[in-house]
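Step one of this worksheet: look at the structure below.
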Amino acid sequence: MLYTLYEAGYYASTPLRFAARATREFWSSPLNPAKDSAIGRRMFATSDLFSNLTRRYGRPEWRIDSVMINGKPVRVRRTEVWSSPWVKLIHFQRDMADMRKAGRRELEPAVLIVAPLSGHYATLLRGTVEGFLQDHEVYISDWSNARDVPLVEGGFDFHDYVDHVREMLRYLGPRPHVVAVCQPGPAVLAAASLMAEDQDESRPGTMTFMGSPIDARLSPTVTNKLAEDKPFAWFKSNMIDAVPPPYPGMGRRVYPGFVQLYSFMSMNMDRHKEAHLQYLQDLMAGDGDSADEHLRFYDEYLSVLDLPEEFYLQTIDYVFQQYLLPKGELVHNGRLVRPEVITDIGLLTVEGENDDISGIGQTQAAHALCSSLPAAFKEDYVQPHVGHYGVFNGRRFREEIYPRVRQFIRDFEAGFEKTRQVA
């Protein structure tokens, strides 16, 4: 029913959208002598806004072709190095000739950035990737849109997610570094715990959790309270729908991305309304730079993917209702997940002072769970004046958060006992 209403709304608005596009082109044409008049700018702005609000947003481009390192441009090539029907492991490979020109001649530590599978594409972490490219070989998990995965490929649940993280780390091994941004935190900690217990040579060297719900009982946010207040059956009955044709995954039951997007936007609806009103005013005033900045943000924000039913419902159940990991009750394929067995993996937790998705303390909980780690292997940081998004993107991430993560990884590479004062 959800998908039926969504598709019906999209196709019903198609004639109006085409009309708006035609109006936009007419009033922006250099052949129109009235295009710079007050009425011309108003007609262009309103038609452009309507067109953007009613169109579909596909998978965004990465737009990372180069990075500046030591003041020198370094070309970057994106390569798919491992995949399953559910994820592509992307390597952002820096040009070695350019790296030598920038004064970098040694092989730098490999970092796996585990992107959230929570409604947005991995490109939401573009700024995160650009930050880590300064000093690391960067890999990222680019999760598939469930509506594009045929039913013949089977399902994908929380345990499959854990196994995928383990396989990606093995591809990078030995001792790669892993960064979990938001939702992947519990799954990444579970994977690291199992690999530590097995003494897997590809277990992480360090693990960094950024705004992750390791223990969602602490400092509950609106999102946490919704997940806790509604019975599990409510999510299964109201949040799940079957993918319609002609999508490749037709018949697959999913948590639609547009439902997740509505949930996110409804939390800050006034702010989104103000942003679009400001965009309209910028267009009418001819402020192209501000309007372009608005478009760049919303081209990313409004691009969403569907989650497989099994993964979504188990995440609600395991992480936000039963709290299995912090209670020591998470079982993966018959094995109890025991973070207390971790003894040689560095642990860094990063939280935002104003995070309204993962409250302060939820990520820090990883320290108590990893009780066997020496103090020299642990670090916690709360970034002032940022919300959830600012933990992994933006100026404060580049200038204050990323340098701490970089130093933490360097300390591990040099040997924590030698570089850190044990408390």
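In the condition set (1) modelled with pLDDT of 90 or more; (2) within 22 Å of the chain's Cα centre (by Cα), Tyr262 is compliant with all but (1).
Of the listed requirements (1) touching a Ser or Thr at 6+ places or on another chain (Cβ under 8 Å); (2) assigned by TED's automatic domain parsing to the domain that holds Gln407, Leu280 misses just one: (2).
Is it true that some residue in the stretch 228-239 is touching a Cys at 6+ places or on another chain (Cβ under 6 Å) and either touching a residue at least 12 places away in the same chain (Cβ under 8 Å) or outside the structural domain of Leu373 (by TED's automatic domain parsing) (or both)? Let's see the steps before the verdict.
First, pick out the residues of the stretch 228-239 that are touching a Cys at 6+ places or on another chain (Cβ under 6 Å): none.
Checked the stretch 228-239: no residue is touching a Cys at 6+ places or on another chain (Cβ under 6 Å) and either touching a residue at least 12 places away in the same chain (Cβ under 8 Å) or outside the structural domain of Leu373 (by TED's automatic domain parsing) (or both).
Out of Arg59, Arg105, which single residue is closer than 29 Å to Arg404 by Cβ and surrounded by fewer than 21 Cβ atoms within 10 Å (Cβ to Cβ)?
Details: Arg59 fails: closer than 29 Å to Arg404 by Cβ.
That would be Arg105, the only listed residue that is closer than 29 Å to Arg404 by Cβ and surrounded by fewer than 21 Cβ atoms within 10 Å (Cβ to Cβ).
Of all the criteria given as (1) touching a Phe, Trp or Tyr at 6+ places or on another chain (Cβ under 9 Å); (2) in the same structural domain as Gly415 (by TED's automatic domain parsing), the one not satisfied by Ala196 is (1).
Any chance you could count how many residues in the stretch 42-82 are charged (D, E, K, R) and on the phi > 0 side of the Ramachandran plot? Explain how you work it out, then say what you get.
First, the residues of the stretch 42-82 that are charged (D, E, K, R): 42, 48, 55-56, 59, 61, 63, 65, 72, 75, 77-78, 80.
The next check asks that each one be on the phi > 0 side of the Ramachandran plot; those that pass are 63.
Final tally of qualifying residues: 1.
Can Ile401 be described as part of a loop (DSSP other than H, G, I, E, B) and crowded, with 20+ Cβ neighbours inside 10 Å? Answer is no for this residue. Among the residues of the stretch 63-86, at least one is more than 30 Å from Gly415 (Cβ to Cβ), crowded, with 17+ Cβ neighbours inside 10 Å, in contact (Cβ under 8 Å) with a residue 40 or more places away in the chain and out of contact with any Lys or Arg (no Cβ under 8 Å at 6 or more places or on another chain).
Of all residues in the stretch 250-270, those satisfying the criterion of being in contact (Cβ under 8 Å) with a residue 24 or more places away in the chain and charged (D, E, K, R) are Arg252, Arg253.
Within the stretch 291-307, the set of residues being surrounded by 15 or more Cβ atoms within 10 Å (Cβ to Cβ) and not aliphatic (A, V, I, L, M) comprises His294, Tyr298, Asp299, Glu300, Tyr301, Ser303, Asp306.
Being over 26 Å from Asp135 (Cα atoms) and β-branched (Val, Ile, Thr) holds for only one residue in Val382, Val337, Val386, and it is Val337. Filtering the stretch 22-36 for residues that are more than 22 Å from Glu300 (Cβ to Cβ), touching a strand residue (DSSP E or B) at 6+ places or on another chain (Cβ under 6 Å) and either outside the structural domain of Met99 (by TED's automatic domain parsing) or surrounded by fewer than 15 Cβ atoms within 10 Å (Cβ to Cβ) (or both) leaves an empty set.
The values are calculated or read from the model by the stated rules, or taken from the named source; none is laboratory data. Quick caveat, the model's predicted, so the values are computed rather than measured. Cβ: placed from backbone, ideal geometry, glycine included. Neighbour counts: every protein chain shown.
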